[in-house]
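Report on one structure; see the data block that follows.
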Amino acid sequence: MTGQRSTAQGGPAAWWRDAVIYQIYVRSFADGDGDGVGDLAGIRSRLPYLAGLGVDAVWITPWFDSPMADGGYDVADFRAIAPLFGTLAEAEALIGEAHDLGLRVILDIVPNHTSDRHRWFAAARDAGPGSPERARYWFRPGRGPGGEDPPNDWRSVFGGPAWTRLVGVDGAPEEWYLHLFAPEQPDLNWSHPQVRAEFESILRFWFDRGVDGFRVDVAHGLAKDPELPDLGAGPGGAPAPLVKPIEGEQGGGRDLAGRDLANHPHWDREEVHEVYRAWRRVADSYAPTPGGARMFVAEAWRVRPGGLARYLRADELDTAFNFDLARRPWRAGELRRGVQEHLAALRGVRATPTWVLSSHDLTRHVTRYGRTEGGVDVELGRRRARAAALLVLALPGSVYVYQGEELGLAEVEDLPEEALRDPMWRRSGGVLRGRDGCRVPLPWSAGGPALGFGAGAPWLPQPPEWAGLSVAVQDGDPDSTLRLYRSALRLRRSRPEFRRGELCWVDSPEGVLAFDRGAGLRCVVNLSPAPCPLPAGRRVLLSSGPVAAGVLPSDTAAWLAPAPAGDAPGGEPARL
Ligand code: GLC
């Protein structure tokens, strides 16, 4: 069947243009079988919760068969479900049940690399140097007299060299293979036609099962300069630093060591775009689901300035994560600039903006916003995080909500070292603790062995104070963060301004952000230390904290609507 796309990116009314998409990190969402690890049974049991929360779609991080060297981003078989998580029949049932509840399903495709346990890599290992099996990856002899030095100087995002040397069955060292991430994640060679054909077939496999779209992992990394040239030292001769790979940074035109991304040998190369044009054709060969075509969202965080828009041309991907806002501090000018720059960057391609505050790769924003000189003030961070939620949910475009964000969870920064699982911890020699702190299993109830996450001890320990932040507790508290998200999502769905109203900044005092969405909605966020008067003639639809006597306290946001004629003016004369 052939789907018709009347205009760029799925048409102006495509469902994902203003969707709220909930990110499920499978291992940590809900554990159905009691082994301490989240799974498909757990997700299925909590789908009604997500429908009740009011999100439009779920993005499920990789659920494919995997030895779990990088939490499932090391895929051994893209057409099978990891036994730890469930079965293909359960996945099919989950997709159907989500659809019945009105939730769309986005899967996470990982095209840059496979697991080292993938059948292709096993075949490549066995087949030996120069074989066609090795041509699907990047194998090269080492440098130096005995080949003991890596083929070039590229660095793994997780630390250390981006090359690992194979050892033959006889114990003799042989060729090296490339892995921009962990050694268990060998990079595929995307100039190989079999690699391209295989991924198009994988897309079809899942589209045939009804999925509504894909998140594209490391979308900017697929193409490599076939000459594999050295990168050379970064500016000032510095070697590539070890950094947390995705601190919310869009890239700023530089790689990890600060080198220019123009003609970079492995990030954001022009050749990747042909891959996405082919994927677009695959997606468009399916009849649109009600409300629009199947969609792709790119994870592209090392791109040239303005480069994101290139991924979003009409015949490529539909949307891309905008990590920029998550990088910015809690300051009005910074956030306003972030919003404006993202809107301006996408204007040329008519792509929909996206807003991300947290993810499975980022430090949770309660903690980021709560950092003070004296440590983390979680209450302050949570107050700001609640205000930030009303900010992003009032912006035009789609919003990604990372699981637990709706509970106001903070990063768990004191996990015991023996509990840490992120490959970054080991690869950095214990220098970087990695991303486990944002991946701690969710608290669903105030009691039980794992706060309702499951019957067994959770794979990462939960802080005891999370009992008070559990879904069950917050459900019963009208002032909770969960109830705030529910109310916000309900309003966002019911009022057309959120979909159609143009964003118009309104003059506001220093440290205060204020904008209208059409005539019917104003969002005001007070990032200043002083309370700020709310404008008269408007009523508060929703606020992230208590608002009394027409005054918006510090670190609080409010959504306002025009008050019906005859209403008592709210607070002081209009200043916003
Ligand atoms: C992406 C994922 C991250 C993973 C990496 C390698 O950046 O978000 O979690 O470690 O890709 O697949």
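The values are calculated or read from the model by the stated rules, or taken from the named source; none is laboratory data. Because the structure is a prediction, the values reported are computed rather than measured. No Cβ is skipped: glycine too gets one built from the backbone with ideal geometry, and neighbour counts run over all protein chains shown. SASA here: full protein model, heavy atoms, side chains in, ligands and nucleic acids out. Shrake-Rupley method; radii C 1.70, N 1.55, O 1.52, S 1.80 Å.
Could you check, for segment 536-555, whether at least one of its residues is open to solvent by less than 40 Å² (accessible area, probe 1.4 Å), out of contact with any Asp or Glu (no Cβ under 9 Å at 6 or more places or on another chain) and charged (D, E, K, R)? Yes, because at least one residue in segment 536-555 is open to solvent by less than 40 Å² (accessible area, probe 1.4 Å), out of contact with any Asp or Glu (no Cβ under 9 Å at 6 or more places or on another chain) and charged (D, E, K, R).
Quick check on my filter: what residues within segment 420-458 are more than 14 Å from the ligand (Cβ to nearest atom), at pLDDT below 95 and either open to solvent by less than 10 Å² (accessible area, probe 1.4 Å) or of a type outside the set (G, A, S) (or both)? Answer for segment 420-458, where residues must be more than 14 Å from the ligand (Cβ to nearest atom), at pLDDT below 95 and either open to solvent by less than 10 Å² (accessible area, probe 1.4 Å) or of a type outside the set (G, A, S) (or both): V431, R433, P449.
Here the condition is being buried (at least 20 other Cβ atoms within 10 Å of the Cβ) and touching a helix residue (DSSP H, G or I) at 6+ places or on another chain (Cβ under 9 Å); of L308, L261, it holds for L308 alone. With respect to the conditions (1) small (G, A, S); (2) within 25 Å of A262 (Cα to Cα); (3) part of a helix (DSSP H, G or I), A283 falls short on a single one, namely (2). Residue count for segment 203-221, restricted to those that are part of a loop (DSSP other than H, G, I, E, B) and within 23 Å of W301 (Cβ to Cβ): 5. Scanning segment 523-532 for any residue that is without any contact (Cβ under 8 Å) to a residue 24 or more places away in the chain and within 32 Å of the chain's Cα centre (by Cα) turns up nothing.
Scanning segment 39-81 for residues that are over 21 Å from P111 (Cα atoms), assigned to a loop (DSSP other than H, G, I, E, B) and of a type in the set (A, V, I, L, M, F, W, C) turns up just one, V55. The listed residues are L222, L203, L231, L180, and the only one of them that is closer than 27 Å to Y400 by Cα and either open to solvent by 30 Å² or more (accessible area, probe 1.4 Å) or touching a Gly at 6+ places or on another chain (Cβ under 7 Å) (or both) turns out to be L180.
Where helices (runs of 4 or more DSSP H) fall wholly inside segment 459-576, the ranges with 2 or more residues that are at pLDDT 95 or above, out of contact with any Lys or Arg (no Cβ under 7 Å at 6 or more places or on another chain) and among the aliphatic types (A, V, I, L, M) are 471-475, 481-494. Of all residues in segment 470-505, exactly one satisfies the criterion of being among the hydroxyl-bearing types (S, T, Y) and over 18 Å from A389 (Cα atoms), namely S470. Whenever a residue of segment 55-78 is assigned by TED's automatic domain parsing to the domain that holds F296 and within 16 Å of G434 (Cβ to Cβ), its partners that are more than 12 Å from the ligand (Cβ to nearest atom) and of a type in the set (G, A, S), lying with C-beta atoms within less than 9 angstrom and at least six residues away or across chains, give the pairs M68/A82; G72/A82.
If you go through segment 163-176 and keep only what is closer than 18 Å to R117 by Cα and either within 16 Å of the ligand (Cβ to nearest atom) or open to solvent by 50 Å² or more (accessible area, probe 1.4 Å) (or both), you end up with T164, R165, V167, V169. Going by the conditions given, is L222 within 16 Å of the ligand (Cβ to nearest atom), modelled with pLDDT of 95 or more, aliphatic (A, V, I, L, M) and not assigned by TED's automatic domain parsing to the domain that holds N263? Spelling it out, it is not the case that L222 is within 16 Å of the ligand (Cβ to nearest atom), modelled with pLDDT of 95 or more, aliphatic (A, V, I, L, M) and not assigned by TED's automatic domain parsing to the domain that holds N263.
Counting only residues that are hydrophobic (A, V, I, L, M, F, W, C), more than 30 Å from H179 (Cα to Cα) and not in a loop (DSSP other than H, G, I, E, B), segment 82-119 holds 5 of them.
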